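Remarks on the structure that follows.
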Amino acid sequence: MINHVNENCKRILHDNKLDYAAGIFLYGPRSGMVISKITYDKSVEGEAERVSVVLKELHDWVTKEGLQVYRSSISMMDYVLDCAPEYKSLVSKIKRSIDPNNIIAPGKYGIGSTENLPSSLKAKNSDALDVDLITES
């Protein structure tokens, strides 16, 4: 499964003219993780938007394979949690109860608004999509 994920992440990035770099971590016979970092030049007009589309393509492929994205850049966290609306609702309620002014890690993990964040925190010059692989044998 790890090789399958690695090869398809590489294919998606190369098809979109992006470099592929990944770390692969095995935790046991049925558990592992592929961490891929996408680096791009944010000074190029439209590049951040293009990379965002590629990140969504990667996320959609991972989800279709029955795997879970468990960590992402802040710009993708809402999208990552869209496939788990009940979970997002629950953790959002918990966050609002302990942090009503949204001071602690706004937008992290797909909870809390990023609306009032400075643009320097919204867009980075690299984004990452980590895939948690838990397979059944």
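Rg over Rh for the stretch 37-117 works out to 1.01, using Cα positions for both radii and the Kirkwood form for Rh. Each residue of the stretch 29-43 was assigned a 3J(HN,Hα) from its phi angle through the Karplus curve 6.51 cos²θ - 1.76 cosθ + 1.60 (θ = phi - 60°); the sequence is x, 10, 9, x, 8, 10, 10, 10, 10, 10, 10, 8, 8, 6, 7 Hz, with glycine and proline shown as x. Can you classify the stretch 1-53 as rounded, prolate or oblate using the Cα gyration tensor, where a ≥ b ≥ c are the square roots of its eigenvalues, rounded means a/c under 1.5, and otherwise it's prolate if a/b beats b/c and oblate if not? Because a/c hits 1.5 or more and a/b exceeds b/c, the stretch 1-53 counts as prolate.
Coordinate-derived values only; no laboratory data. Note that the coordinates shown come from a computational prediction; the quantities given were computed from them, not determined experimentally.
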